[in-house]
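*Asks:* Here's a structure for you.
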Amino acid sequence: MKQKIIQFTNFSFQYDAQAEPTLKNIDLTIYEGEKVLIVGASGSGKSTLGKCLNGLIPQNDKGSSTGELTIGTNDFGQASIYELSLTVGTVLQDTDSQFVGLTVAEDIVFSLENDQRSQAVMQEALRFWAEKTDLMDHLAKKPQELSGGQKQRVSMAGVLIDETPILLFDEPLANLDPQTGVEAIKMIDQLYQEKRFTTIIIEHRLEEVLAAAVDRIIVMEEGRILADSTPNELLKTDMLQQVGIREPLYLAALKKRGFP
Ligand SMILES: Nc1ncnc2c1ncn2[C@@H]1O[C@H](COP(=O)(O)OP(=O)(O)O)[C@@H](O)[C@H]1O
Ligand SMILES: [Mg+2]
């Protein structure tokens, strides 16, 4: 039996600064261990949805909501950002703003240090996650000295080390070139295959994200969920083009050649 881990029920959210709701009547269930991709044009509400999951909304970005949202055992609006941080780990697109340590190693263990874990625990976790993210040779460097792809992996390691049951990636490829983007997606997938964290990836660079399989794609448009479907089903339709997401080039090429 699949266990629900996230449940939106007729959930709407309106920022105080906006005249209209940004999320409208969202009904969405995400099950434990699923890997889900959320796509949609810029401004469609993807990050807003993500911020409702990690608690930035309503704690940082104020507004009002109707309907219900539960995240693990937490109810939206009740749990603090700290409580939610034990359930949802977030990797943002702007990795530079996430660095807190003077070295890569310090940065990765920051949250454990904050929780006053022992040196032995920190060292073991550091070694484990630095190996997984291919950073063992960079631990003594300053995060700022690294390439974009390496910075991305440092942010990931710093989030993974908390072993939260849900991982949220908001446009993880935004600052990466296509090749590095594909590598990042493959690394996320490798970790997913091993640990089966519930993984939510928000991204509009579809072709690169689909370098690794996802269970479901959720399409957002103007604050609503337009489709919630498997990649195969969705790619057969022209919904992605309708909402301004570029379909993978190999599909465009096949269609042009007249393949159904
Ligand atoms: N902190 C905020 N306060 C008010 N409005 C916001 C805030 N953040 C985002 N919005 C508005 O919400 C809408 C959706 O934004 P966002 O969730 O960032 O979309 P996406 O991530 O899909 O690009 C936009 O119209 C944006 O202006
Ligand atoms: Mg966004």
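*Asks:* Could you give the nm distance between label points at residue 237 and residue 250, where each point is 7 Å from its Cα heading toward the beta carbon?
*Replies:* 2.3
*Asks:* To continue, here is another question. For the chain, give the share of DSSP beta bridges that are antiparallel, in percent and rounded to the nearest 5; count only bridges with both residues there.
*Replies:* Percentage antiparallel, nearest 5: 55.
*Asks:* Could you state the per residue volume, in Å³, of the convex hull enclosing the Cα atoms of segment 85-151?
*Replies:* Taking only Cα atoms, segment 85-151 has a hull volume of 98 Å³ per residue.
*Asks:* Next question. Sequence-distant or interchain residues sharing an amide H contact under 5 Å with residue 173, placed H: which?
*Replies:* So residue 173 has HN proximity to no qualifying residue.
*Asks:* Cα to Cα, under 29 Å, and not fewer than 8 places away if on the same chain: which lysines meet these conditions relative to residue 256?
*Replies:* Of all the lysines, those that pass the test against residue 256 - Cα under 29 Å, at least 8 places apart if same chain - are 186, 236.
*Asks:* Collect residues whose amide H, placed 1.01 Å from N in the peptide plane, falls under 5 Å from the amide H of residue 89; neighbours closer than 5 in sequence don't count.
*Replies:* For residue 89, the qualifying residues are 166, 167, 168.
*Asks:* Right, another one. Can you tell me how much longer the chain between residue 142 and residue 27 gets when fully stretched, taken as 0.36 nm per residue apart minus their C-alpha distance, in nm with one decimal?
*Replies:* Gain in length upon complete extension: 37.1 nm.
*Asks:* Another one. Less than 13 Å Cβ to Cβ from residue 234, Lys/Arg counted +1 and Asp/Glu -1: what total charge do the surrounding residues give?
*Replies:* -3
*Asks:* Let me ask something additional. Using a Cα-Cα cut-off of under 15 Å, which aspartates and glutamates could be cross-linked to residue 132, ignoring same-chain neighbours fewer than 8 residues away?
*Replies:* 124, 162, 163, 183, 189, 194
*Asks:* Let me have the 222 nm mean residue ellipticity of the chain computed from DSSP H runs of 4+ only, each contributing -39500 (n - 2.57), with the sum over all residues rounded to the nearest 500.
*Replies:* Taking each H run of at least 4 residues, the total per residue is -10500 deg cm²/dmol.
*Asks:* Relative to the compact globular guide of 2.2 N^0.38 Å, what is the alpha carbon radius of gyration of the chain, as a ratio?
*Replies:* Cα Rg divided by the expected 2.2 N^0.38 Å: 1.02.
*Asks:* Would you look at the GNM of the chain, springs on alpha carbons closer than 10 Å, and say which of 199, 73, 48 moves the most?
*Replies:* The residue that fluctuates most here is 73.
*Asks:* Roll a 1.4 Å probe over the protein chains and send me the accessible area per residue for the chain in Å².
*Replies:* Normalised by residue count, the accessible surface of the chain is 51 Å².
*Asks:* Extension gain residue 42-residue 19, at 0.36 nm per residue separation less the Cα-Cα distance, in nm?
*Replies:* 6.4 nm
*Asks:* Amide H to amide H, which residues 5 or more places from residue 196 or on other chains are under 5 Å from it, using H placed in the peptide plane?
*Replies:* none
*Asks:* So, one more: Counting Lys and Arg as +1 and Asp and Glu as -1, what is the net charge of the other residues whose Cβ lies under 11 Å from the Cβ of residue 192?
*Replies:* Counting the neighbours of residue 192, the net charge comes to 0.
The values are calculated or read from the model by the stated rules, or taken from the named source; none is laboratory data. Owing to the predicted nature of the structure, the values given are computational and were not obtained by experimental measurement. Here Cβ is always computed from backbone atoms with ideal geometry, including for glycine, and neighbour counts include all displayed protein chains. The accessibility values were calculated without ligands, DNA or RNA, using every heavy atom of the protein model including side chains. Shrake-Rupley method; radii C 1.70, N 1.55, O 1.52, S 1.80 Å.
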